[in-house]
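The values are calculated or read from the model by the stated rules, or taken from the named source; none is laboratory data. Keep in mind the model is a prediction, meaning the values are calculated, not measured. Note that we place each Cβ from the backbone using ideal geometry, even for glycine, and neighbour counts take in every protein chain shown. When the accessible area is computed, the model is the full protein with side chains, heavy atoms only, and any ligands, DNA or RNA have been set aside. Shrake-Rupley method; radii C 1.70, N 1.55, O 1.52, S 1.80 Å.
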Amino acid sequence: MTDMTTFDRIKELAEKRGKSLPAVSADLKFSDNLFYRWKTSNPKASDLAKVADYFHVSVDYLLGREEKPFPSDADLADMIERSTHFDGKEYPDEVKQGMKDVLRAYLMGRLDDKE
């Protein structure tokens, strides 16, 4: 595991989205400096869950309990392989690839959130 703090992970995720921390705070209806306070204090579980949902990552990732914010290609392939049949018929390879692409896009937050 790296020595990244929860704050560091949130800052990195925000930068990857092209957002500032104040913009993320505003999106989540948090106070402007909340993330900066997390440098020296522990976040509330409910606030951490909101951040995880916002970035489509797990709370465990934000807490540093897991290294990967998003599933790897192997993880996605494994998810798809577990769901290989519909209505008694096996999915063709192109359907499996499409499912993998859609799942990756969703998990990486590329689809617009419908609120």
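Beta carbons closer than 6 Å, at least 6 apart along the sequence or on distinct chains, pair a first residue in region 8-33 that is without any contact (Cβ under 8 Å) to a residue 40 or more places away in the chain with a second that is open to solvent by 30 Å² or more (accessible area, probe 1.4 Å) and part of a loop (DSSP other than H, G, I, E, B) for Pro22/Asp32; Ser25/Asp32.
When we screen Arg104, Arg9 for residues that are at pLDDT below 75 and either open to solvent by less than 70 Å² (accessible area, probe 1.4 Å) or not in a loop (DSSP other than H, G, I, E, B) (or both), the only hit is Arg104. Among the conditions (1) modelled with pLDDT under 80; (2) in contact with a Phe, Trp or Tyr (Cβ under 9 Å, 6 or more places away or on another chain); (3) in a loop (DSSP other than H, G, I, E, B); (4) at negative phi, Arg110 misses just one, which is (2). Candidates Phe30, Phe70: the one that is modelled with pLDDT of 95 or more and open to solvent by less than 70 Å² (accessible area, probe 1.4 Å) is Phe30. Scan region 74-81 and give yes if some residue there is open to solvent by less than 40 Å² (accessible area, probe 1.4 Å), at pLDDT 95 or above and out of contact with any strand residue (DSSP E or B) (no Cβ under 7 Å at 6 or more places or on another chain), otherwise no. Within region 74-81, not a single residue is open to solvent by less than 40 Å² (accessible area, probe 1.4 Å), at pLDDT 95 or above and out of contact with any strand residue (DSSP E or B) (no Cβ under 7 Å at 6 or more places or on another chain). Considering only residues that are outside any helix (DSSP H, G or I) and surrounded by fewer than 17 Cβ atoms within 10 Å (Cβ to Cβ), which ones fall in region 38-48? Of everything in region 38-48, those that are outside any helix (DSSP H, G or I) and surrounded by fewer than 17 Cβ atoms within 10 Å (Cβ to Cβ) turn out to be Lys39, Thr40, Ser41, Asn42, Lys44. If you check Phe35 against the conditions, is it buried (at least 16 other Cβ atoms within 10 Å of the Cβ) and in contact with a Leu (Cβ under 6 Å, 6 or more places away or on another chain)? Judged against the criteria, Phe35 is a match. Of the residues making up region 49-69, those that are under 16 Å from Ser25 (Cα atoms) and part of a helix (DSSP H, G or I) are Ala49, Lys50, Val51, Ala52, Asp53, Tyr54, Phe55, Leu62.
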